[in-house]
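**Q** Sharing a structure, written as structure tokens. Questions coming.
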Amino acid sequence: MIIVRIAIVTGASSGIGREFAMQIPRLYKRLDELWVVARRTERLKELEKQIPIPVRIFDGDLRRDYIFERIGKELDRQNADIRMLVNAAGYGKIGDVEELGTEEQCGMIDLNCRSLTKMTKVCLPYMSNGSRMIHVASSAAFAPQPGFAVYAATKSYVYSYSHALSVELKPRGILVTAVCPGPVDTEFFDRAGALPNPLKATVKADAGNVVRTALRDSVMGRRVSVYGVAMKSARIAAKLLPYARIADWMKLANNMSK
């Protein structure tokens with residue numbers, strides 16, 4: 001039986017997800033196919049033209065179950081061997097909890113947490129020794145974020161989930177890396193809105209550099225990938241400072257920057 005070696009990227013139509021789709025074929029020279037998942041069909045078709053290996057498009061909303069059924073059936077039909085899974089789909093919305101709509105906040109939880117978990121579960125039976133899994137979290141996972149509370153909480157879930165999964169899958173030789181960038185220069189903020197602290201905009205990173213670092217860290221077997229000195233410092237600070245006070249200090253910093 002022929003085994004098809006593949007990589008899967010969710011959220012591949014833009015931003016960090018698109019960068020992973022572009023860069024993975026350079027890392028894996030023996031991939032048979034790249035599977036890309038996102039809602040925007042035309043964006044995926046444009047991406048397909050730029051990828052040097054066959055691309056299989058799964059256009060659909062990861063907050064709906066049908067997309068997972070499609071992917072699951074195709075994995076089985078193709079006798080797939082997943083060498084890399086990148087869970088990059090997600091979004092954020094800036095604003096206080098009282099201000100944001102319930103549907104918007106629950107949507108973040110559904111996409112950033114539930115869909116990532118479900119995609120992982122669908123793909124795990126088709127992963128084996130040497131397979132790699134990358135979950136796009138955020139530096140927002142390191143501490144509570146007033147004005148960005150739900151998004152930060154969802155990324156804390158991704159961060160914690162990735163660490164635990166890394167331990168669980170170690171006996172199978174499957175490597176898991178949580179990618180925790182700070183603000184990245186993508187379309188993310190077109191939907192999210194302006195950062196509550198304008199100073200954060202000064203440390204926006206290039207998506208290509210973030211992804212190159214993430215792939216390198218994944219190859220090296222690191223559980224966490226943090227790009228840039230500023231975000232690495234933020235991670236260290238979050239470990240050292242009293243957790244209960246971080247939210248107060250961050251709210252104060254946001255107010256002072258207005």
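The values are calculated or read from the model by the stated rules, or taken from the named source; none is laboratory data. Worth saying up front: this structure is predicted, and the values here are computed from it rather than measured. Because the Cβ atoms are built from the backbone with ideal geometry, glycine has one as well, and the counts that use them run over all protein chains shown.
**Q** Can you name the strands (runs of 3 or more DSSP E) wholly within the stretch 1-73 that have at least 2 residues being within 15 Å of M119 (Cα to Cα) and of a type in the set (S, T, N, Q)? Can you show your working first?
**A** Numbers: elements: 4-10, 33-38, 55-59.
Passing ranges: none, list empty.
**Q** Taking the options G208, G173, G193, G182, name whichever one is buried (at least 19 other Cβ atoms within 10 Å of the Cβ) and either over 18 Å from F142 (Cα atoms) or at pLDDT 75 or above (or both).
**A** On the way: G208 fails: buried (at least 19 other Cβ atoms within 10 Å of the Cβ); G173 fails: buried (at least 19 other Cβ atoms within 10 Å of the Cβ); G193 fails: buried (at least 19 other Cβ atoms within 10 Å of the Cβ).
Checking each option against the conditions leaves just G182.
**Q** In the stretch 124-167, how many residues are under 27 Å from A80 (Cα atoms), in contact (Cβ under 8 Å) with a residue 60 or more places away in the chain and not in a helix (DSSP H, G or I)?
**A** Result for the stretch 124-167: 3.
**Q** I've got another one for you. Could you pull out the residue among S115, S131, S139 that is closer than 21 Å to T177 by Cα, touching a Pro at 6+ places or on another chain (Cβ under 7 Å), crowded, with 20+ Cβ neighbours inside 10 Å and among the hydroxyl-bearing types (S, T, Y)? So that I can check it myself, show each step before the final result.
**A** Numbers: S115 fails: touching a Pro at 6+ places or on another chain (Cβ under 7 Å); S131 fails: touching a Pro at 6+ places or on another chain (Cβ under 7 Å).
Unique residue meeting the criteria: S139.
**Q** Further, regarding this structure: Of all residues in the stretch 22-62, which are crowded, with 17+ Cβ neighbours inside 10 Å and of a type in the set (S, T, Y)?
**A** Listed by number, the list holds a single entry, Y28.
**Q** Applying the selection to the stretch 13-48, what residues are of a type in the set (D, E, K, R) and closer than 21 Å to A205 by Cβ? Reasoning before the result, please.
**A** Start the filter on the stretch 13-48 by keeping residues that are of a type in the set (D, E, K, R), which leaves 18-19, 26, 29-30, 32-33, 39-40, 42-43, 45-46, 48.
Once the filter is applied, which keeps residues that are of a type in the set (D, E, K, R) and closer than 21 Å to A205 by Cβ, the stretch 13-48 yields R18, E19, R26.
**Q** Examine the stretch 96-105 for a residue that is within 19 Å of S131 (Cβ to Cβ) and either of a type outside the set (F, W, Y) or surrounded by fewer than 17 Cβ atoms within 10 Å (Cβ to Cβ) (or both), and state whether such a residue exists.
**A** The answer is no, given that none of the residues of the stretch 96-105 is within 19 Å of S131 (Cβ to Cβ) and either of a type outside the set (F, W, Y) or surrounded by fewer than 17 Cβ atoms within 10 Å (Cβ to Cβ) (or both).
**Q** Of all residues in the stretch 10-29, which are of a type in the set (K, R) and within 11 Å of I51 (Cβ to Cβ)?
**A** Of everything in the stretch 10-29, those that are of a type in the set (K, R) and within 11 Å of I51 (Cβ to Cβ) turn out to be R18, R26.
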